[in-house]
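Some notes on the structure that comes next.
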Amino acid sequence: MPQRGEPVDATTKGERTRQALLAAAIARFGRDGYRATSLAEIARGAQLSSTAAYPHFANKEALFVAAVDEDAAGVIDESVLRLLRSEALTWLDELLPSLVAALDRHTLARRVLNGLEPEFTVRLLDIPVLGQLRKVVADRIEHQQHAGLARTDIDPTQIVDQCLLPRRHASRHRQPHARGPWCAGSSGNA
């Protein structure tokens, strides 16, 4: 029992089990891939029984999707933190290099982006963390518009979707914008 003033661990046993499974899945799927990994191996890697995953994940595919989302969230969280600390005019120049650098620490996200899990790559473009990244970037562009640092004749959400979504997603929008500069007074560089 914690002493007075000590932090109390608010996570339940079930939450700790789920996190242990996700951590083991990220490591194992990142190293060996989806096809070469079993749920039993992941459970053993998390020091759990072979059936421990089923209350948390319906099957191996559900665990894989959750693990990719978790690992991609790590990549994006690291990059967005840098993005939010950047100066108003340099954040865009830093976003892509920051995302690429974060991939060194996130092997499962890197594996999927490298096309080593082709059955899942397209489906995983809709994971929640990518929607969060699009929102943060669109909000940053809108903020720059209000500050007079970016063109006001563009829709930040459409620009972000055009830049961050593959063609099959971007074509759903009514009027896709051509890629191009959006900074006020820009001559071609965003």
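Please list 67-80, 14-27, 109-122 highest first by mean number of surrounding beta-carbon atoms within 10 Å per residue.
67-80, 14-27, 109-122
Quick note on the range 13-132: its Rg to Rh ratio, both from C-alpha atoms and Rh being the Kirkwood radius, is 1.03.
Based on Cβ point charges of +1 for Lys and Arg and -1 for Asp and Glu, what charge dipole magnitude is obtained for the range 17-106 about its Cα centre, in debye rounded to the nearest 20? Don't jump to the answer; show the numbers that get you there.
Details: 9 positive and 12 negative charges, 94 e Å.
Its charge dipole is roughly 460 debye.
For Ala150, nonlocal amide neighbours, meaning residues 5 or more places apart or on other chains whose placed amide H falls under 5 Å from its own, are Gln145, Ala184.
Read-outs throughout are calculated quantities, based only on the coordinates presented, and are distinct from any laboratory measurement. Nothing here was measured: the structure is a model prediction, and the numbers come from that model. All Cβ positions, even for glycine, are placed from backbone atoms using ideal geometry, and neighbour counts span all protein chains on display.
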